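One structure is given below, represented as structure tokens, and several questions about it will come after.
Each reported figure results from applying straightforward, stated rules to the coordinates on display, with no laboratory input. What you are looking at is a predicted structure, and each value in this text was computed from that prediction instead of being measured. So basically every Cβ, Gly included, is an ideal-geometry build from the backbone, and we count neighbours across all protein chains shown.
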């Protein structure tokens with residue numbers, strides 16, 4: 001009886017157990033750990049503290065180290081590319097079809113074509129002009145014809161004027177003493193030689209100035225070599241239409257195409273000195289662009305084969321969680337807050353998706369627009385998978401990589417532009433430097449000319465020059481026993497130029513632009529003041545005779561009640577703050593878009609650039625750069641204040 005009862009009891013237990021439903025695990029099979037930092041450090045998340053062996057097994061199960069996947073690693077890729085070459089270039093915003101000029105590989109580098117501005121002509125850099133003439137002297141010395149250099153110096157003497165104020169432009173004075181009248185004017189000599197040059201590069205005759213100096217036609221060979229060096233090395237355009245003064249940026253377009261098909265690559269915000277694919281947007285182009293130029297496509301005649309490799313970088317974590325790594329790898333030291341998206345993406349790629357990305361090298365001709373026509377991947381099991389372009393979800397246009405279509409705003413992630421190659425550019429010291437900053441205390445924006453070119457072309461520190469301009473600005477007041485003296489306005493350095501907010505005429509919107517203006521300075525011009533300070537009279541004459549950056553307001557119309565004080569308005573001396581350098585400073589008005597001067601400010605510079613192209617040729621040009629500033633600045637400008645006697 002006892003055994004029968006036990007059997008019935010076990011039967012009931014097994015019957016109930018058979019009715020149990022399987023427990024669904026909380027973690028699905030496609031589970032994987034994702035980076036979700038809640039602090040500023042990954043130290044605790046990556047510590048992987050071990051509590052007991054069972055915990056260790058659970059962690060390995062979480063990382064799916066016990067799972068076997070029926071997936072092979074890629075070992076071969078067959079693909080085909082189609083492309084179209086870049087055919088033409090046009091500067092400016094919204095250029096017309098007729099504005100495009102054809103160019104091909106081996107021509108002027110694209111960066112130099114966009115950035116280059118007059119380097120030697122019109123007195124842009126007198127010292128560099130004489131140095132170019134010294135190259136001719138070296139050509140003559142190597143050929144044993146020093147008589148050519150002497151005759152060229154006699155016919156085209158290089159001049160370097162003395163600075164108006166040697167104490168503020170010391171470099172200009174030193175180069176004046178060293179080079180003035182002791183060199184060759186390379187610009188003038190090259191211009192006369194080009195007038196007598198044949199299409200094959202030979203000189204049909206010498207300029208009359210060289211003939212008068214005693215040279216004969218046998219000197220033509222040395223002059224031809226030097227002129228060829230000038231044309232091949234120095235990029236000397238007449239102007240720079242790609243520069244947009246209102247935004248302090250370059251804007252240009254490229255035309256790409258095959259057969260009679262055309263496409264435009266639009267770059268409207270190029271500032272960093274290196275042209276790359278992300279500088280461009282795509283827009284449809286009319287076939288009338290370079291209609292007489294029929295280009296061949298850059299398609300592959302046959303499929304290509306390549307071996308994919310994993311995408312890695314130095315210090316990348318191991319793909320397996322429990323794999324020992326190099327002691328120099330310390331990925332936990334990566335500091336990233338919850339809103340630091342870029343660092344979080346790097347961390348997630350390295351820790352989670354690092355072994356999911358492969359790189360397939362493809363050798364293509366630079367200067368083209370390419371698209372992957374087909375791609376098939378072969379894995380270790382011999383299976384072939386056709387890879388399609390990644391498509392976005394419906395209604396989503398954002399992509400990590402791609403060219404924006406300017407027509408509809410979509411992103412083309414299957415097209416890649418390969419710009420013409422250029423070596424790392426060597427940049428000289430800034431010839432000119434301007435900082436555009438916000439001044440919240442004065443409720444103004446300022447353009448600060450930190451450096452400009454002096455008379456020799458070398459940079460001049462305007463802060464040192466301003467110390468000279470401050471001479472005698474404070475008027476003499478009779479002695480008083482007052483404890484405070486009323487000041488209408490505190491002085492501002494002469495190289496701080498205010499940017500006044502203005503609205504376009506007839507505009508009813510709230511959009512404003514910043515107009516370059518000038519600060520007034522007051523100087524005594526009575527006989528007592530001119531005689532009291534040594535050199536003060538020459539200083540006033542220098543201000544009156546500097547119309548290129550100083551405007552002298554007539555005394556009678558400015559202050560008829562007090563003719564002993566004259567007003568001078570200071571303007572920019574350099575080129576960065578000029579809308580049209582060819583116009584007189586009084587008629588040149590620069591309007592800068594208000595959004596181009598952020599709270600962090602910007603710095604704009606002009607520099608010499610030297611680089612080599614893939615064919616080994618060297619190029620020298622002068623270009624501009626724009627970078628982020630260092631925050632706000634304070635001019636100290638205040639109105640209606642009381643100060644102690646004797647203070648400014």
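What is the spin-label model distance, in nm, from residue 205 to residue 96 if the labels are put 7 Å beyond Cα along the C-beta direction?
If labels sit at residue 205 and residue 96, their model points lie 3.9 nm apart.
Would you calculate the separation in nanometres between label points at residue 318 and residue 399, each defined as 7 Å from the Cα along the Cα-to-beta-carbon direction?
Placing both labels 7 Å along Cα→Cβ, they lie 3.7 nm apart.
Also, I was wondering about something else. To the nearest 500 deg cm²/dmol, what mean residue ellipticity at 222 nm is calculated for the chain from DSSP H runs of n ≥ 4 alone, each contributing -39,500 (n - 2.57), summed and divided by the residues?
-6500 deg cm²/dmol
Working out 0.36 nm times the residue gap between residue 423 and residue 500, then minus their Cα-Cα distance, what length gain in nm do you get to one decimal?
Taking 0.36 nm per residue and subtracting the Cα distance, the gain is 23.6 nm.
Also, I was wondering about something else. Please give the Cα centre distance for region 231-307 versus region 385-423, rounded to the nearest Å.
When both Cα centres are located, 17 Å separates them.
Quick check: Cα centre of region 164-187 to Cα centre of region 572-614, how many Å?
One Cα centre to the other: 26 Å.
Using 0.36 nm per residue of separation minus the Cα-Cα distance, give me the extension gain between residue 225 and residue 104 in nm, one decimal.
Gain on extension, residue 225 to residue 104, equals 41.1 nm.
Follow-up. So what are the radius of gyration and Dmax for the Cα set of region 426-643, in Å?
In order Rg, Dmax, the Cα atoms of region 426-643 give 20.2, 78 Å.
Okay, next question. What's the angle, to the nearest 10 degrees (0 to 90), between helix 220-233's Cα axis and the longest principal axis of the chain?
Helix 220-233 sits at roughly 50 degrees to that axis.
State, in angstrom, two size descriptors of region 121-233 derived from its alpha carbons: Rg to one decimal place and Dmax to the nearest whole number.
Computed over the Cα atoms of region 121-233, radius of gyration and Dmax are 14.8, 50 Å.
What are the principal axis extents of the Cα atoms in region 201-341, in Å, biggest first?
Dimensions of region 201-341 along the principal axes of its Cα atoms: 86, 46, 45 Å.
To the nearest 10 degrees, how steep is helix 341-351 against the longest Cα principal axis of the chain, on a 0 to 90 scale?
40 degrees
At residue 343 and residue 170, where each label point lies 7 Å from the Cα along Cα→Cβ, what is the point-to-point distance in nanometres?
4.4 nm
Then there's this: Calculate, in nm to one decimal, what residue 358 and residue 614 gain on full extension: separation in residues at 0.36 nm each, minus their alpha carbon distance.
Length gained between residue 358 and residue 614: 89.4 nm.
Here's a follow-up. For the chain, what are Rg and Dmax over the alpha carbons, in angstrom?
Using the Cα atoms of the chain, the pair Rg, Dmax is 35.5, 143 Å.
Nearest 0.05, what FRET efficiency do residue 147 and residue 542 give at R0 = 45 Å with Cβ-Cβ as r?
About 0.60, to the nearest 0.05.
For the Cα atoms of the chain, what angle does the longest principal axis make with the long axis of helix 53-62, in degrees from 0 to 90, nearest 10?
The helix 53-62 is inclined about 70 degrees to the chain.
I would also like to ask the following. Quick one, can you get me the convex hull of the C-alpha atoms of region 90-184 expressed as volume per residue in Å³?
Enclosed volume per residue, from the Cα hull, is 177 Å³.
Please work out whether region 421-463 counts as rounded, prolate or oblate from its C-alpha gyration tensor, where a ≥ b ≥ c are the square roots of the eigenvalues and a/c under 1.5 means rounded, while otherwise a/b larger than b/c means prolate and anything else oblate?
oblate
Peptides 236-244, 300-308: what's the order by average Cβ count within 10 Å, highest mean first?
Descending mean neighbour count gives 236-244, 300-308.
Would you mind ranking 55, 398, 621 so that the residue whose beta carbon has the fewest other beta carbons within 10 Å leads the list?
Going from least to most buried by this count: 398, 55, 621.
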